[in-house]
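Please read the structure below before turning to the comments.
The values are calculated or read from the model by the stated rules, or taken from the named source; none is laboratory data. Computed from a predicted model, the values in this text were never measured in an experiment. Reconstructed Cβ throughout: ideal geometry from the backbone, glycine too, with neighbour counts over all protein chains shown.
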């Protein structure tokens with residue numbers, strides 16, 4: 001699929017995103033983008049407008065879920081953040 005479509009009122013090239021690997025990044029001004037690298041280590045950051053995109057976290061992502069009462073976060077693993085165990 002390399003056709004052009006009118007997207008947000010602009011003639012835009014379209015490429016199927018199925019099975020593309022990338023990185024979800026937090027933007028400095030707020031919000032998120034999907035960063036896709038090519039074989040030369042260049043990247044494109046895609047603004048996320050999809051409202052219910054499925055994501056699978058790779059086993060080597062060094063990511064962990066944190067929960068405290070009704071607050072829940074996804075961040076780097078405790079090892080990456082240098083956190084200490086306070087309770088077992």
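Would you mention how many residues in segment 42-88 are free of Cβ contacts under 8 Å to residues at least 12 places away in the same chain, touching a strand residue (DSSP E or B) at 6+ places or on another chain (Cβ under 8 Å), more than 26 Å from residue 19 (Cβ to Cβ) and surrounded by 11 or more Cβ atoms within 10 Å (Cβ to Cβ)?
2
Can you tell me which residues in segment 21-41 are out of contact with any strand residue (DSSP E or B) (no Cβ under 7 Å at 6 or more places or on another chain), exposed (fewer than 10 other Cβ atoms within 10 Å of the Cβ) and either modelled with pLDDT of 95 or more or farther than 15 Å from residue 58 by Cα (or both)?
28, 29, 30, 38, 39, 40, 41
When the residues of segment 1-16 are narrowed to those that are farther than 21 Å from residue 53 by Cα and assigned to a loop (DSSP other than H, G, I, E, B), which ends up modelled with the lowest pLDDT?
Top of the filtered list is 2.
Looking for something on the phi > 0 side of the Ramachandran plot, modelled with pLDDT of 90 or more and under 18 Å from the mean Cα position of the chain (by Cα) - is there at least one such residue anywhere in segment 51-65?
yes
For the list (1) touching a strand residue (DSSP E or B) at 6+ places or on another chain (Cβ under 7 Å); (2) surrounded by 11 or more Cβ atoms within 10 Å (Cβ to Cβ), I need the number of the one condition that residue 7 fails.
(1)
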